[in-house]
Structure formats: C-alpha cells, structure tokens
Amino acid sequence: MTPESAQTLLNENFAPWVLSLDLTVTKIGADHVVIRMPLGDHLARHGGIVSGQALASLADTAMSIIAIAQFDSFTPVSTTDLHTQFLRPGVGTAILCRAEIVRTGRAMIFARANLTEETSGKPVAVASASFYVP
C-alpha cells in the first residue's frame, strides 16, 4: 500500500467527522503508518491546546488504517478497545501519529500509536487498541 492508496482508503471509508480532521497519510509500510493532523481553532480546547477527543480519534484512525492494510483488499475492522494516555498538551502546527501493528491474529489485531508534536518531536500521547476482524 502506498501513502496515496492509504489516503484514498481513508477518504472513501471513514465518517465525515473523521475527514473533517484533515488527516494526511504521509508514510506507510507493511507494519506502520504515519498520519499528520494539522492543528487549528476547530480542534482547540480551553487554553488553545488540541482536544483529547481529536487526539484519540487520530490514534484510532491511524491504527485502523494499518490494521486494514494487513489484508489484500479492503476489510473493515471494528475497534474493540482503545486506550489513550495524554502525556502533555498538544500545541504547534500539527500532530504526527505513528501507528504500528503489535500482533495480527485470525480474529483480532493489536496496535499501538505514538503521537508527537510535528515541530518539536515531543510526545503528546500514546495509545493502544484492539480490532475485531469480522
């Protein structure tokens, strides 16, 4: 899968509110993906930092994409568990999310994600999730 085909997968299969995050797939490999989320007022909470809901959505979306990328053709997956730890306030121009596969089983896929500030590289959050494969 290429970044372009992963971006198409995102654009054609995710909900409009996810697409409103303006996510861009910048890199993808066999077991990882990097997605960029630009920051703006629409994602800010009190104090001008990115909301936790936006960060959790970014992480879930990135982990979903790399889970789907494990198959030869589009196969929907369902998030069964999502755990996000917020490490510091997210500020700056964008958040980068690097999601990777931890383990792929017959009916479950396990993934983790690291979210960092684009400019400083400082960690903002970490997340882990499991996905059911119907």
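Taking region 93-109 as the region of interest, how many residues are among the basic types (Lys, Arg) and modelled with pLDDT of 95 or more?
Looking only at that region, the number is 2.
Inside region 29-52, can you point out the residues that are under 12 Å from the mean Cα position of the chain (by Cα) and more than 16 Å from GLU117 (Cβ to Cβ)?
If the condition is that a residue be under 12 Å from the mean Cα position of the chain (by Cα) and more than 16 Å from GLU117 (Cβ to Cβ), then HIS32, VAL33 are the ones that fit.
Residue-by-condition table, conditions (1) at pLDDT 95 or above; (2) surrounded by 17 or more Cβ atoms within 10 Å (Cβ to Cβ):
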position	(1), (2)
LEU43	no, yes
HIS46	no, no
ALA56	yes, yes
ASP60	yes, yes
VAL91	no, yes
ALA111	yes, yes
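Looking only at region 62-89, filter to residues that are hydroxyl-bearing (Ser, Thr, Tyr) and buried (at least 17 other Cβ atoms within 10 Å of the Cβ); which one of those is nearest to ASN13 (Cα to Cα)?
Step by step, filter region 62-89, then rank; the result is SER64.
Confirm whether ALA107 is exposed (fewer than 14 other Cβ atoms within 10 Å of the Cβ), among the hydrophobic types (A, V, I, L, M, F, W, C), farther than 18 Å from ALA6 by Cα and without any contact (Cβ under 8 Å) to a residue 40 or more places away in the chain.
yes
Does ALA30 satisfy the condition of being without any contact (Cβ under 8 Å) to a residue 60 or more places away in the chain, exposed (fewer than 14 other Cβ atoms within 10 Å of the Cβ) and within 23 Å of PRO134 (Cα to Cα)?
yes
So the check is Cβ under 6 Å with 6+ separation or different chains; which pairs have a first residue in region 1-24 that's closer than 18 Å to PHE71 by Cβ and touching a residue at least 12 places away in the same chain (Cβ under 8 Å) and a second one that's part of a helix (DSSP H, G or I) and β-branched (Val, Ile, Thr)?
These pairs meet every condition: ALA6/ILE65.
Could you list, in sequence order, the residues of region 18-38 that are modelled with pLDDT of 95 or more and among the hydrophobic types (A, V, I, L, M, F, W, C)?
Across region 18-38, the qualifying residues are VAL18, LEU19, LEU21, LEU23, VAL25, ILE28, VAL33, VAL34, ILE35, MET37.
Just to be sure before I move on: is VAL133 hydrophobic (A, V, I, L, M, F, W, C), surrounded by 16 or more Cβ atoms within 10 Å (Cβ to Cβ), within 25 Å of THR8 (Cβ to Cβ) and out of contact with any helix residue (DSSP H, G or I) (no Cβ under 7 Å at 6 or more places or on another chain) in the structure I sent?
Here the answer is yes, as VAL133 does meet what is asked.
Among the numbered conditions (1) surrounded by fewer than 17 Cβ atoms within 10 Å (Cβ to Cβ); (2) at pLDDT 95 or above, tell me where VAL124 comes up short.
(1)
The values are calculated or read from the model by the stated rules, or taken from the named source; none is laboratory data. This one's a predicted model, so the numbers in the text were calculated from it and none came from an experiment. So basically every Cβ, Gly included, is an ideal-geometry build from the backbone, and we count neighbours across all protein chains shown.
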